[in-house]
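Below you'll find the structure, written out as structure tokens, and then a few comments.
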Amino acid sequence: MNWQPTATVETLQARAKCLSQIRQFFETADVMEVDVPVLATTGVTDLHIDCISVQVQGKRREETQYLQSSPEYYMKRLLAAGHSAIYYLGKAFRQGESGPKHQPEFTMLEWYRPGWNEYQLMDEVSQLMQHLGLETESSQTLCYSELFEQITGLNPHQIPLLDIQALASSLAGNDFSGEGRSTCLDLIFSLAIEPKLPSGLVFIHDYPSCQSALALLGQDSGGNTIARRFEAYFNGMELANGYYELTDPVEMKSRFDADIALRHALGKPPMTIDSDLLAAMESGLPVCAGVALGVDRLLMQLLDVDDITRVTPFGSTDSGMVG
């Protein structure tokens, strides 16, 4: 029976309706859909994301290309070329992603709003979820550091690295003494904080600066340097990750270089910098906010399903992969 779909006919009908409603929402909002490549000669340098590589035969030689973990780089090149608000609804790929909430191939919704900041984009994420049928009237917006300190008793901006490593090791039951600040904070957040998040829609903003990724840096009311980004959760499940986007190519190059050095130190596969993205930023990436949302996880919440394979036509059930 392995040829059978992993989702029922009724579920796939609901999935089709959801995709249609997403497109209706953005058409009404005057946001244009774009169709960008899922295969490119570079991937991402992010320490926590591994791209799936493929061998592609060119005219003269075979070369390594990468299935894209996000349409972000291509979309920012479109923004730099003069496009206004745009969205992408399609496939993305990440190596080693398997489990009840993860798949190596998944459906991503990503959109960018020139001239907006992260708070305006949080409002639109809430509007979209309400449009799709999720209850958002009781949504909450929480500051990362306040939430972290409330649950752990520790200030994530000021706690020494050794103490963060010790807490991560205690929670995980493994030795995290050699891990960096960002990795330890991620683990603490997932094990100690996510299970205690309120039900319904929750936005968490103002992340520690070590987790800035491609977000601008700012300062909070306490004078701490923070990353101007947010994550959206529904019933404790992460659905979306948004940024007030970094537009400075020099700073972007510096962050890429730091990622590459960390990957090398940890023995992870090497990645090259996307020079086309940097060139686009040098030409002028507009001030903007962007967000990526996992559509399969969104469907899990809409349909009250606890396994991602049950909302995808042919989900990966390879239990040998670790999520």
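Here are the numbers:
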{"read-out": "Of residues in region 11-55 being exposed (fewer than 13 other Cβ atoms within 10 Å of the Cβ) and of a type in the set (A, V, I, L, M, F, W, C), the one nearest to the chain's Cα centre (by Cα)", "value": "Leu39"}
{"read-out": "Scan of region 70-96 for residues that are over 14 Å from the mean Cα position of the chain (by Cα), assigned to a loop (DSSP other than H, G, I, E, B) and within 18 Å of Asp46 (Cβ to Cβ), ordered by number", "value": "Gln95, Gly96"}
{"read-out": "From the options Tyr73, Tyr66, residue that is touching a helix residue (DSSP H, G or I) at 6+ places or on another chain (Cβ under 6 Å), under 30 Å from Cys210 (Cβ atoms) and modelled with pLDDT of 95 or more", "value": "Tyr73"}
{"read-out": "Elements of type strands (runs of 3 or more DSSP E) contained in region 154-251, each with 1 or more residues being of a type in the set (Asp, Glu) and under 30 Å from Leu278 (Cα atoms)", "value": "201-208, 225-234, 237-244"}
{"read-out": "Residues satisfying the stated conditions in region 279-297, i.e. surrounded by 17 or more Cβ atoms within 10 Å (Cβ to Cβ) and in a helix (DSSP H, G or I)", "value": "Ala280, Met281, Val295, Asp296, Arg297"}
{"read-out": "Which listed residue is surrounded by fewer than 17 Cβ atoms within 10 Å (Cβ to Cβ) and either among the basic types (Lys, Arg) or in contact with a helix residue (DSSP H, G or I) (Cβ under 7 Å, 6 or more places away or on another chain) (or both), from Leu161, Leu134, Leu109", "value": "Leu161"}
{"read-out": "Positions within region 55-85 being closer than 17 Å to Gly284 by Cα and among the hydrophobic types (A, V, I, L, M, F, W, C), in sequence order", "value": "Met75, Leu78, Leu79, Ala80, Ala81, Ala85"}
{"read-out": "Identity of the residue in region 240-255, out of contact with any Asp or Glu (no Cβ under 8 Å at 6 or more places or on another chain) and hydrophobic (A, V, I, L, M, F, W, C), that ends up farthest from Leu216 (Cα to Cα)", "value": "Val250"}
{"read-out": "Conditions (1) of a type in the set (D, E, K, R); (2) surrounded by 16 or more Cβ atoms within 10 Å (Cβ to Cβ); (3) modelled with pLDDT of 95 or more: number failed by Glu146", "value": "(2)"}
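The values are calculated or read from the model by the stated rules, or taken from the named source; none is laboratory data. Not measured: the values here are computed from a predicted model. We place every Cβ from the backbone using ideal geometry, glycine too, and count neighbours over all the protein chains shown.
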